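K.L.:
Sharing a structure, written as structure tokens. Questions coming.
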Amino acid sequence: MLWVDKYRPKTLDHVTVHTDIAHNLKKLVKEQDCPHLLFYGPSGSGKKTLIMAVLRQMFGSGAEKVKVENRTWKVDAGSRSLDIELTTLSSTNHIEISPSDAGFQDRYVVQEVIKEMAKNRPIDTKGKKGFKVLVLNDVDKLSREAQHSLRRTMEKYSAYCRLILCCNSSSRVTEAIRSRCLNVRINAPSEEQILDVLELIGKKEGLQLPPGFAARIAEKSNRNLRRAILTFETCRVQQYPFTSKQTIPPMDWEEHISEIASDIMKEQSPKRLFQVRGKLYDLLINCIPPEMVLKRLLHELLRKLDAELKHEVCHWAAYYEHRMRLGQKAIFHIEAFVAKFMSIYKSFLIATFG
Amino acid sequence: MSKRNCVVILSSEDEDATSKLSSSSNYKKTKSRSTSASSRGRKKARASHSRSHLSKLHEIDLFGDDFNEVFTGSEVSAGTQRSFAEELWVDKYKPNSLEELAVHKKKVEDVKTWFEERLKSSKGVYNNNVLLISGQAGVGKSAAIHVIASHLGAIVYGWNTPTPVIWQEHLYNSGTGTQYTSKLDEFESFVERVRKYGLLLTSYTGDSKPSIILLIDDLPMTNGKSAFGKLKNCLQLLVKSTQIPTAILLTDCGNADSVDYNARCLEELKLSLESSGACKVAFNPITVNSMKKVLLRICQMERCDVTAEYVDLIAKTSGGDIRHAITSLQFFCLKPNLVHSLASSTSSHVSLKEESNKPDTSDSGYSLHFGRDEALSLFHALGKFLHNKRETGVGIEYDQDGFLIRERLSRLPLKMDVPEKILCQAHVQPGSVADFLHENVLDFLDDEAIHDAWTVSSYLGDADILLAKLRGMVCSYNEAEGVLQSAAASIAVRGVLFGNSNPLSSRWHAVRRPRLWQVEKVSFYKNKVDRLRIPACKRFSSYHMSIMATEYMPMLKLLGNRACGYDGPSQKSSPNLEMEDFDFDKMDLDEQSMGLSDDDIEDW
């Protein structure tokens, strides 16, 4: 088992990072009247961990007995019926799905799953009708239509089930859904908190941590706890005992993007643009989400850029990110950004150096 | 000034109105007349039909007569004093001798000698008794066979396509116990009969046995793989075992690189028949010169004075289809008014002559009302867009009426049709046009022109956004969707044309297939495989792909499989899946890339 999973806090009491939130959640669940919940925050901040802990608090250790299924739903969509296949994780009391995986058919999935859950409603020991919990991942990636239908189903079936929504950015979740949920913002842990967690793990694993080593990992992790722990484990595999000057392995895709950035800075021509496109394709083939590619690329470019250009470049990056969301083929828009950057940078070079 | 204009408009309107009136009255007359005539004709037809139990073919002929009568009726209304046309000219001027055939002499000679050899010699000398004639529609395949047969004194015996059974008819018949047989089955049994027993000529009552040519003109329509396989088998058997000289006519539809399933089937059929021993002759489209000869001859015989320019034009626009050319000539000669209006619409007779002096405007894309629409292949169209040929030279006057365009936004006029028209002719999906342009456009940009590259890619992005609006609306096709799609394609194409502000001098370029398609496919596949791994690694919660790809995968690579809890079964199952899927993938890609490599664009 990876350390990330091994040292994941199982209950709300054991949570180390967002203790105050955990405390509040525990009180909430104890009062038996749990509203719909919306967890949002950057990745690697502990949303999933908290959700799992909440489920455990609600249903006891039964919530941990999950099975993974590839399920198919038959959906009547007007004239024809669709088959939608999704991976679900479910226990007796909850189902977890990522409806955005169904692409533009996501709206059917949400409705269908909730309807089905409402049909077989569990009855608890006291004879009271209980409720099930549906965990929806990546709500922000749902299409507008899906969010709309989610809103309606939420109202209609709120007696039978509770929804726990999880996403990175609440700004892409519609107002209507946000107002029907208790919003829980999970901040990215600070570097000190990450440091604490790493030291705790080190202690439990019985490792010797040279001074400053864990701090370096924490610094490299971009305040992403999961990433920090994964990196920590990788370092452990690569070299132990640790030395304080040990290299911390970088992510390969980030390396790749910084390579692209230096390519762009070196030459600005259609030919180079074509080469860059090839490298971008390499990233996309490996399922790196295009938004992250664009963000990282901007980050890398800004590092090397003259201050007076930064503002304009950021503007265009935002512009093309927006268009990427509107469009379908991300490469068109990333490439347009690269071309725009090249164009700006080239005229800048000509203006300064002649 | 304005007053005068007004007056002119009024008067012209007046004229229009009167002409309309008169024409409508004319029209009414013709209608009544023609209907009465046709009903008479139909009566006649029925009478004759009941009297002599002739085959269904005659009915069709009679129908043709009706059709003619309608035609002649309209001719009367036009007020011409010419003789009534009895038949369509296509039938009237059917070639009767070898000299009259517009097909290339050598091809005719080939076919003739082939039949001669087989008819003269005794049976069983030749193993292959099947001739495969291919060519696009209207190049005179059937006509050639008929003429040659009559030249050799042989009788053409043909497979006549049975009339289709309508569903209602079938329901009606099913009560009487007749079973429905598909046309393919009927064809099969016909071929079977011919193969085993030869042809029994019941109608012939001569002394000596005449020589026979079997003509299979119209292959039954096949839908789906199994039906096609049946047809193929039965034809192969025919090729192998028939004793009668047989001609199978295949009509090429469009260009070979089209993705149309039927076209590919036809190609396959051709190959398989050839491999089993059929002799193949391909008829080319009829050349402009021989077409002109035929048309002029018809003009002479009809005594209508069509100027040489128009004959020339008809011959050029017909795209090598002589049947079409003759019909359009007949249509053209029908109403002298039409010629007049046409001439006025193209500003004047004189200007047309002038235009014909300039080769670049008259031969490409000048189409009359009756010209055949030419189809372009995808690659031809892409080539046009990418090469971006424009008028050069100083003497280009800008449209004075149009609004002023800033220097950096103005472009030289295009040396091609309107892009939308080209798109229309190429029959492609807007999405794939955008993909193809995106893949290839950078090759055609100047090395310094990074700003152009931005313009182009930005417009392609616009097109993508428009196309993405359709996502999720697959259920119903509506008008707006079509408009959106064509708008997207138009933006993509025009963006490419506009963005490339100073096109390179043309040189040879290969057009690639969009790599994007491959990328999408592979990433989708990877997504699937990785998803199988997730449950193995993580028991508690599923992660979205992005987290898997950006955080877990790189680390797992470094860790090796050791640290991760890969379970036995999942590991076993995932390579299996890999094998299966990848084979399929590869096959698919190979097939498509092969198709592409043939179609590299040359400079034109």
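K.L.:
I'm checking my understanding of the structure. Among residues of the stretch B:509-525 that are aromatic (Phe, Trp, Tyr) and within 10 Å of chain A (Cβ to nearest Cβ), which one is least open to solvent (accessible area, probe 1.4 Å)?
P.N.:
Per the stated criteria, the residue is B:Tyr525.
K.L.:
Looking only at the stretch A:303-337, how many residues end up being more than 23 Å from A:Phe274 (Cβ to Cβ), among the basic types (Lys, Arg) and modelled with pLDDT of 90 or more?
P.N.:
2
K.L.:
Now, a different point. Mind checking which residues of the stretch B:464-493 are closer than 16 Å to A:Arg323 by Cβ and modelled with pLDDT under 70?
P.N.:
Correct list: B:Arg471 only.
K.L.:
Take the conditions modelled with pLDDT of 90 or more and assigned to a helix (DSSP H, G or I) and apply them to A:Ile217. Does it pass?
P.N.:
no
K.L.:
What number of residues in the stretch B:268-309 are part of a helix (DSSP H, G or I) and touching a strand residue (DSSP E or B) at 6+ places or on another chain (Cβ under 7 Å)?
P.N.:
3
K.L.:
Using the structure shown, decide if A:Pro42 is closer than 22 Å to A:Asn183 by Cα, in contact with a Cys (Cβ under 8 Å, 6 or more places away or on another chain) and open to solvent by 40 Å² or more (accessible area, probe 1.4 Å).
P.N.:
The answer is no for A:Pro42.
K.L.:
Right, another one. In this structure, does A:Gln268 turn out to be surrounded by fewer than 16 Cβ atoms within 10 Å (Cβ to Cβ) and at the interface with chain B (Cβ under 8 Å from one of its Cβ atoms)?
P.N.:
Spelling it out, it is not the case that A:Gln268 is surrounded by fewer than 16 Cβ atoms within 10 Å (Cβ to Cβ) and at the interface with chain B (Cβ under 8 Å from one of its Cβ atoms).
K.L.:
Also, quick follow-up: Restricting attention to the stretch A:227-243, which residues are part of a helix (DSSP H, G or I), surrounded by fewer than 23 Cβ atoms within 10 Å (Cβ to Cβ) and not aliphatic (A, V, I, L, M)?
P.N.:
A:Glu233, A:Thr234, A:Cys235, A:Arg236, A:Gln238
K.L.:
Conditions first: (1) away from every other protein chain (no Cβ under 13 Å); (2) surrounded by fewer than 17 Cβ atoms within 10 Å (Cβ to Cβ). A:Lys67 passes all but one, so which condition is the exception?
P.N.:
Failed condition: (1).
K.L.:
Any idea which residue in the stretch A:254-265 is least open to solvent (accessible area, probe 1.4 Å), counting only those that are touching a residue at least 40 places away in the same chain (Cβ under 8 Å) and within 21 Å of the chain's Cα centre (by Cα)?
P.N.:
If we take residues in the stretch A:254-265 being touching a residue at least 40 places away in the same chain (Cβ under 8 Å) and within 21 Å of the chain's Cα centre (by Cα), then A:Ile257 is least open to solvent (accessible area, probe 1.4 Å).
K.L.:
Just checking, how many residues over the stretch A:1-30 are open to solvent by 50 Å² or more (accessible area, probe 1.4 Å) and of a type in the set (D, E, K, R)?
P.N.:
Number of matching residues: 6.
K.L.:
On to the next question. Look through A:Val313, A:Val293 and report the one residue that is closer than 30 Å to A:Asp101 by Cα and assigned to a helix (DSSP H, G or I).
P.N.:
The unique qualifying residue is A:Val293.
K.L.:
List every residue pair whose Cβ atoms sit under 7 Å apart, with the two residues 6 or more apart in sequence or on different chains, where the first one lies in the stretch A:304-333 and is within 13 Å of chain B (Cβ to nearest Cβ) and the second, anywhere, is open to solvent by 80 Å² or more (accessible area, probe 1.4 Å).
P.N.:
As it stands, the answer is A:Gln328/B:Arg471, since those pairs meet every condition given.
K.L.:
Give the stretch A:59-88 a look and list any residue that's under 24 Å from the mean Cα position of the chain (by Cα) and in contact (Cβ under 8 Å) with a residue 40 or more places away in the chain, or say none.
P.N.:
Matches in the stretch A:59-88: A:Glu64 only.
K.L.:
Sticking with this structure for a sec: Scan (1) crowded, with 17+ Cβ neighbours inside 10 Å; (2) more than 12 Å from chain B (Cβ to nearest Cβ); (3) within 21 Å of the chain's Cα centre (by Cα) for the single condition A:His299 breaks and write down its number.
P.N.:
Going through (1) crowded, with 17+ Cβ neighbours inside 10 Å; (2) more than 12 Å from chain B (Cβ to nearest Cβ); (3) within 21 Å of the chain's Cα centre (by Cα) one by one, A:His299 breaks only (1).
K.L.:
Taking the stretch B:139-153, which residues are closer than 14 Å to B:Phe115 by Cβ and polar (S, T, N, Q)?
P.N.:
Result: B:Ser150, single match.
K.L.:
Hey, can you tell me all the residues within the stretch A:233-249 that are within 13 Å of chain B (Cβ to nearest Cβ) and free of Cβ contacts under 8 Å to residues at least 12 places away in the same chain?
P.N.:
If the condition is that a residue be within 13 Å of chain B (Cβ to nearest Cβ) and free of Cβ contacts under 8 Å to residues at least 12 places away in the same chain, then A:Val237, A:Gln238, A:Gln239, A:Thr247 are the ones that fit.
K.L.:
Turning to a different aspect of this structure: Here is a list: A:Tyr281, A:Tyr345. Which entry is under 26 Å from the mean Cα position of the chain (by Cα), within 12 Å of chain B (Cβ to nearest Cβ) and assigned to a helix (DSSP H, G or I)?
P.N.:
Every option except A:Tyr281 fails the conditions.
K.L.:
Given the structure, is A:Arg223 part of a loop (DSSP other than H, G, I, E, B) and under 23 Å from the mean Cα position of the chain (by Cα)?
P.N.:
Here the answer is yes, as A:Arg223 does meet what is asked.
K.L.:
Which one of the conditions (1) within 28 Å of the chain's Cα centre (by Cα); (2) in a helix (DSSP H, G or I); (3) among the polar types (S, T, N, Q) does A:Thr352 fail to meet, given that it meets all the rest?
P.N.:
(1)
K.L.:
Also: Looking at the structure I just gave you, is A:Asp101 within 11 Å of another protein chain (Cβ to nearest Cβ), open to solvent by less than 10 Å² (accessible area, probe 1.4 Å), within 24 Å of A:Arg180 (Cβ to Cβ) and modelled with pLDDT under 80?
P.N.:
No: the conditions fail for A:Asp101.
K.L.:
Sticking with this one: So A:Lys48 passes all but one of these: (1) within 30 Å of A:Glu291 (Cβ to Cβ); (2) more than 10 Å from every other protein chain (Cβ to nearest Cβ). Which condition number does it fail?
P.N.:
Result: A:Lys48 passes all but (2).
The values are calculated or read from the model by the stated rules, or taken from the named source; none is laboratory data. Treat the numbers as computed from the prediction; the structure is a model and nothing was measured. Every residue, glycine among them, receives a Cβ derived from its backbone with ideal geometry; neighbour counts consider all protein chains shown. Accessible surface areas use protein heavy atoms only, side chains included; no ligands, DNA or RNA. Shrake-Rupley method; radii C 1.70, N 1.55, O 1.52, S 1.80 Å.
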